[in-house]
Structure formats: structure tokens, C-alpha cells
Amino acid sequence: MWDTIIIEPFINLLLWISKLVGNFGVAIILFTILTKIVLYPLTAKQIKSSTAMQELQKDKRYIEIQTKYKGDKERLAQEQMKLYQELKINPMSSCLPTLIQFPIIIGLYQALIQTMASGPIDLLKLSRHIYPNFLNLADVLPLTSKFLWMDIGAPERLFIPGINFGIPVLAIVVVITTYISSKIIAPPPSPGANDQGAMMSKMMNIYMPFLMGWLAWSLQSGLALYFVVTNLVQIAQYAIAGNVHWDNIAFWKKNETTKPSVLPPSKRGK
Amino acid sequence: MKNNRLILILLFSLTALLLSACTGAGQTNSWAGVTVADEYVYLANGNLVYALNGDSGNTTWEYPQKASAQRLFYAEPALAGEQLIVVDYAHGMTSLNAKTGAETWSFEDAKGRYIDSPLVLDDLIVAPNADGSMYAVNLSGNLVWTFEAEHALWARPVSDGETVYFTSMDKNLYAVNATSGELSWKTDLKISAVARALLDNGTLYVGNLDGTLFALNAADGSILWEQKVGGGIWAAPLLHEGKLYLGDQSGRINILDSTDGKVIQYIETESAILGAGVLLENGVAFGNEAGELIVIGFNGERLWTRTFDGSLYSNIQKNGEDLLLTLTQGEKPLLAVDLNGNEIWNFSIKSDKK
């Protein structure tokens, strides 16, 4: 079931693109862009939800709640929830695209492993996953796993003369781009310092890049390439929608962006 | 706040664990290799190589002492005098004392996996690597020559002592001088090939993944004939009295005339046949993915079939009068059976025997 719905279409699409462009690394990049385009409706929903949250933070009632229940976390949460319901805002809806990406990541990883066919059983599986009316195994083999300095089928390391260990360049890029993309698409800090959602979001922004970086460091570089392209396309999609907050990564402006929450909305920056 | 952080860390750990599990990390992607020599049976199975007593299946020694998840052994170990040559997925070729398992030397120049075992030619060890190179080393582990193909090499070469012949993923069959490593000729097999070749009386028989079996003149690589069979070819054919016996990925056992390649007969079996069969006194035996051991007579009549737990992907080996079956994803990775398919002994990882 999983193979039929996820793995086989991924493998065939990847191989087809690879056959067209003649490079598996480029095929992964194009495949990623394609999946981001297909998933754009979800991203648009995420952007919409994010915008609604920003608007909410300017709402008079929201600011009042933050001030009134500053010392009572439980009550604050209850009141916030009431307001969310009243305004029909789902604060968790921005998580959906991320959650939907997990099966894609897992499927892509399995497809990558099987497409690279670095062992006999992988090759056997690959030969069975190819749609016979769409592709011919004879036309797609052998696959070239080289892309720039990396082997798509192995964890990436850049070896520089004079340094006796490989530098995981792609993993570092994954950490940086994940951090940047999660920071700049995040809504501005909530007016309430005790806002649990903001706290969670802040922690996610710290831990998520390291989790993705660890995956990029330990798994095939083809997957790390997918992470990097995903992050870059995500930034581009948000930028096109006019919803990026560059100030969030401008550390030198930190004091300006974290001004007290009680300021009237008209005086708060975006 | 502290609780939130803890929950988040736990959540991430769980996600990482889930990703690792779902992505299939650590899953085996090859099948075990077995070699019989003197009173020993050598089994390369995952992160260990075992030397077993050929009569009982008892473990004599195992290597390495500290197993590693990266260093996986699947290729059949090769015997070079008193040395046992084992190759692994972490680009290592290691010489062990065949009787004790003590390490003698290791050769680490390769950049890729060793999928198949090396060929031993007197004082030369010729090892194909997935990095696309054929490495020839002497019995002390020093490099003698390297030959670079255009893509991965997955099959053990064959040789007449002067030339080594081997297939490649780059679709070519190569003939290389055994002393110098220089190319003698290469022939396009049209599709990637992972099967070993069979060399007999100046003729090479070799198949590709598209299911075409070629007969070539070993002197110049010219194609004598070619014949399409039911599915991809993963192993060398067997030759007996002018007939070639060959399993294919569609599950057929093909019997071909070795002079012109004409298919005399084929026998359907339940699933893919990837490993080489073995010649018996009264016929040939092949194993398939469904775990069936099929014995047919030389004229193609089915003599008997036994089904075992696991997949019989590996080459079937003879151990004296018995057969050794390597079972992938079965409870018992190695089974010794008599010529009626009855179990004599088995080797299982957990109980370390029987």
C-alpha cells in the first residue's frame, strides 16, 4: 500500500526527471520544487493562518486579555482559546504542512535508497517498482550518483586538502536554512511574554534546525539536498506572498522587535 | 517552560526515532555469501563472518570481534592458500587466517562497497568494487594494478589465468590482462550487468539485467549469439554436456543449447531466481525468492521441490555430498540439506547453532 501510493510514484517520477536532465542531483532539485508547487495550497493555508495570527495580535481584545491575565496562565489560555474560536482561527493549522511533509520525507528517503540501488536487494526492488509502460529499467540504468562533490547515495562530506576529516557542508546549510526559513516565516513575537504558543514556536525554531541538520548529517546527501531546496522554496513562496519577516533574523534589531507587548497596535512594527 | 522544553525534546527524539525506523535504516540490502573449503564452511552474513565446522555447523570462530553496523559482509569469502579474503561494505578487503580468523592485513584503497567476492589467481587477488574499479593485490595486500571501468562492478571476474573477464553496471563486459591490468577488449552488453560470466573452452556466457544471455569469443569479445530469456539474469549459467542451465528474474529455469543459444525448454517456478544453481549427479538445483529449492533432471523433468523459510537468493553451494542453502530473511540463515532436501544441520544467529 505504502509502496504503491508513495514509493512507486516517487521512484518513477525521480527516474523520469533524471532521465530527462541526465543528473540525479538536478532531478532531486526539480522533484522538490515540483512537490512544493503541488503542496502550495497547504502552504497558502499556512500563510493565511499565520497572517490571521498576526492580525489577532493587533486585536484590542487580545491585547486586553494579555494584560488582564498576565499572572494567571491557565485563565489566559482559556481566554485565548475562546477568542480563537470566536474568530475561527486555528493556531495549529500552520503545523499541517509540516506534518504532511513527514510522509513525503520518509517516502523520498526510501525512494532515494531504492533508486540509487546501492545493493542487490535495492536493485531488485527498483526493477519491480518501475512502471513498465512508463519507464524501462534498461534506459535508466546505470544511475549516476555524483552531484557536485557529493555522492547522492551517501552522507555528504567535503574533504579539503590539509584537513583530515570531511566537513558536512550540506548539513550545515540545512541547519542554517531551516533556522532562517522558520524564523522569517514566524509571526512577530506575541505581546504576552507568557504566551505558550510563542514559547513553543521559539523552541521549535531552536530545535528543528538541529534535528534536520542531524538527519542531513547522518542520512544520504540526496535527502539533505531535498531539505535545502525545500527551505529555499519555502522562503521564496513566503516572500512572493509578502509574508516574510526579515527583522526576525536581524539580531542587531533585537531590542526593537521585542518591545513591551502593551504598546498600542498602531505603534507596533510588523 | 521547563516542562514544555522537555516535552519538545522528547517529541523531537521520538520523531527522529520514527524517521530512522520508517526510513529503513539498517535494513539489509544484500544476501549472505557462503564458501566451502576443506572442513570449513565460511559464512559472510551482515556484520560478521563465521567459520563453521562443515560436518556440524558449529562455530569455530567469528570475525570481527567487535561488529559494526557500517562494516557489512555479504560477498562469499575467498580462500587464498591459508588466507581467507573477506570484503565489506565499508570499502575494506581483509585477509584473515582461515583457521583462526586472526587478521593478517587489510586493503583500504577502494572508495565503494564490495558487492561480490574477489577472484584468487595464484598470487593475485582480483576484487571488483562498486566504485567502478577492479583492484588487484598480491597475497600481502599490496596493490598490483587497478582497472577503472565507467561504473560500478558488482560481479566476481572469471579468468583463464591470463585474462580476467567481468561485467559492469556500465553495460560492458571487460577483458583485462591479469598481469598488467591493461584492457584487452570490451563488448557492449546493451544493458547493465551484475552477473558473473561463465568461461568454458574459450567461450564466455554472460547475461544482463534485461534478460539477454550472450555467448562471446573470449579471445576478442565478439558476440557469437545472444538469446533473450524470461527475465533479468543475475548469475552465471551452468554448463553440462552442451546445455546451459540458467535461472532468471521471472522465475524460469531455462535450458539452452550452448552452441546457438536456442531455448530447448524452460521450467516455470513460483518466483525470481537470482542465485546460481548447482550441478548434481542427476540434474541441477536452483533456489528462488519464495524459498523453493527446485531440482530438475538434465532433460528438464522436475525431480523434487522443497520449500524453506526465507528467500534463496544466494548461490547454492555443495558441501561434500550435501547442499548449503543461504536463506535471506529466514529464521535460519544457513541450512545444510541432503540431496533429498532433508535438513542435516542449520546455523542460526540467535542460538549460534542448530
Those helices (runs of 4 or more DSSP H) lying entirely in region A:102-186 with at least 1 residues more than 30 Å from residue A:239 (Cα to Cα): A:120-129, A:137-140
Would a scan of region B:103-112 turn up a residue that is at pLDDT 95 or above, of a type outside the set (Lys, Arg) and within 19 Å of residue A:117 (Cα to Cα)? no
Take the residues in region A:218-240 that are more than 19 Å from residue A:118 (Cα to Cα) and surrounded by fewer than 18 Cβ atoms within 10 Å (Cβ to Cβ); name whichever of them is nearest to the other protein chains (Cβ to nearest Cβ). A:235
When region B:66-108 is examined, which residues are found to be within 14 Å of chain A (Cβ to nearest Cβ), in contact with a Leu (Cβ under 9 Å, 6 or more places away or on another chain) and of a type in the set (A, V, I, L, M)? B:90
In region B:177-210, anything surrounded by fewer than 24 Cβ atoms within 10 Å (Cβ to Cβ), of a type in the set (Val, Ile, Thr) and either within 29 Å of residue A:128 (Cβ to Cβ) or in contact with a Leu (Cβ under 8 Å, 6 or more places away or on another chain) (or both) is listed as B:187, B:191, B:203
Please indicate, with yes or no, whether at least one residue in region B:218-225 is outside any loop (DSSP other than H, G, I, E, B), surrounded by fewer than 23 Cβ atoms within 10 Å (Cβ to Cβ) and of a type in the set (Phe, Trp, Tyr). yes
May I ask you to verify whether residue B:190 is among the basic types (Lys, Arg), in contact with a helix residue (DSSP H, G or I) (Cβ under 8 Å, 6 or more places away or on another chain) and either in contact (Cβ under 8 Å) with a residue 12 or more places away in the chain or within 11 Å of chain A (Cβ to nearest Cβ) (or both)? yes
Check on residue B:60, farther than 21 Å from residue A:153 by Cβ, touching a Phe, Trp or Tyr at 6+ places or on another chain (Cβ under 8 Å) and assigned to a strand (DSSP E or B): yes
Quick check on region A:22-44: of everything there that is over 30 Å from residue A:244 (Cα atoms) and either touching a strand residue (DSSP E or B) at 6+ places or on another chain (Cβ under 9 Å) or at pLDDT 90 or above (or both), which residue is surrounded by the most Cβ atoms within 10 Å (Cβ to Cβ)? A:24
Against the condition touching a helix residue (DSSP H, G or I) at 6+ places or on another chain (Cβ under 6 Å), closer than 30 Å to residue B:73 by Cβ, within 14 Å of another protein chain (Cβ to nearest Cβ) and surrounded by 15 or more Cβ atoms within 10 Å (Cβ to Cβ), how does residue A:112 come out, does it pass? yes
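The values are calculated or read from the model by the stated rules, or taken from the named source; none is laboratory data. Please read these numbers as outputs of a predicted model, since none were measured by experiment. Every residue, glycine as well, gets a Cβ built from its backbone with ideal geometry; the counts of neighbours run over all protein chains shown.
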